[in-house]
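Chemist: Pasting a structure below so you can have a look.
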Amino acid sequence: MKRDIAAYVEKCLVCQQVKAERKQPPGLLQPMPFSGWKWEDIAMDFVTGLPKMPRKYDAIWVIVDRLTKSAHFLAIRTTYSRDKLAQLYVNEVVRLHSVPVSIVSDRDPRFVSKF
């Protein structure tokens, strides 16, 4: 019977694509700690793949305060350098809210490399 099951699973396309996890399920999610003041802890991410706007913007840079959930949405081009993004960040966010204590991102290469 064991050989018959193994032979069936070898020939079944669905069985080959969907395999059961053999590791222990991960534990409960742990919330990230943050301070108790607004705009000290922020999260940022890019929304890309948008149709080009009249000024050739094709992405949106979303910067969110993790405490109050208020956000800034900055229209950008995907070709902007990290220097241009840093200048835009200073002009639009730091000008209003000061420099944050922590920044959470999705490890985009533009954020990880000397932002």
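Chemist: Assuming 0.36 nm per residue, please report the length gained on full extension of the stretch Asp4 to Tyr80 beyond their Cα-Cα distance.
Modeler: 21.6 nm
Chemist: Here's another thing I want to ask about it. Of the GluC sites (Glu not before Pro) in region 1-89, which ones lie in a loop per DSSP and count no more than 12 other C-beta atoms within 10 Å?
Modeler: Counting only loop positions with at most 12 other Cβ atoms within 10 Å, the GluC sites (Glu not before Pro) in region 1-89 are Glu21.
Chemist: Something else: Based on the Kirkwood radius over alpha-carbon pairs, what value in µm²/s does the Stokes-Einstein equation return for the translational diffusion coefficient of the chain at 20 °C and 1.002 mPa s? Walk me through the numbers before you get to the answer.
Modeler: Values: Rh = 17.9 Å.
Estimated via Stokes-Einstein, D reaches 120 µm²/s.
Chemist: Compute, for region 41-112, the length of the dipole vector about the Cα centre, with Cβ point charges of +1 (Lys, Arg) and -1 (Asp, Glu) only. Units Debye, rounded to 20.
Modeler: Numbers: 11 positive and 8 negative charges, 58 e Å.
The dipole magnitude comes to about 280 debye.
Chemist: Where does the charge balance sit around Lys69 when Lys and Arg score +1, Asp and Glu -1, over other residues with C-beta under 15 Å from its C-beta?
Modeler: Net charge in that neighbourhood comes out at -2.
Chemist: Which residues make up the longest stretch of the chain clear of trypsin sites (Lys or Arg not before Pro) that lie in a DSSP loop with no more than 10 other Cβ atoms within 10 Å, not counting the sites?
Modeler: Details: sites that count: Lys19, Arg22, Lys23, Lys52, Arg55, Lys56, Lys69, Arg107, Lys114.
Free of exposed loop sites, the longest segment is 70-106.
Chemist: For the chain, what is the mean residue ellipticity at 222 nm derived from helices alone (per DSSP H run of n ≥ 4: -39500 (n - 2.57); sum divided by total residues; nearest 500 deg cm²/dmol)?
Modeler: Values: 4 runs with 27 residues, N = 115.
Mean residue ellipticity, 222 nm, calculated: -5500 deg cm²/dmol.
Chemist: Related question: Around Lys52, with a cut-off of 15 angstrom between Cβ atoms, what is the net charge of the other residues, counting Lys and Arg +1 and Asp and Glu -1? Please report the intermediate quantities before stating the final value.
Modeler: Details: positive: Arg55, Lys56, Arg77; negative: Asp58.
Within the 15 Å Cβ shell, the charges total +2.
Just so you know, all these numbers are worked out from the coordinates, no wet-lab data involved. In this text the structure is predicted, and so the values were computed from the model without any measurement. FYI the Cβ positions are ideal-geometry reconstructions off the backbone, even for glycines, and counts take in every protein chain you see.
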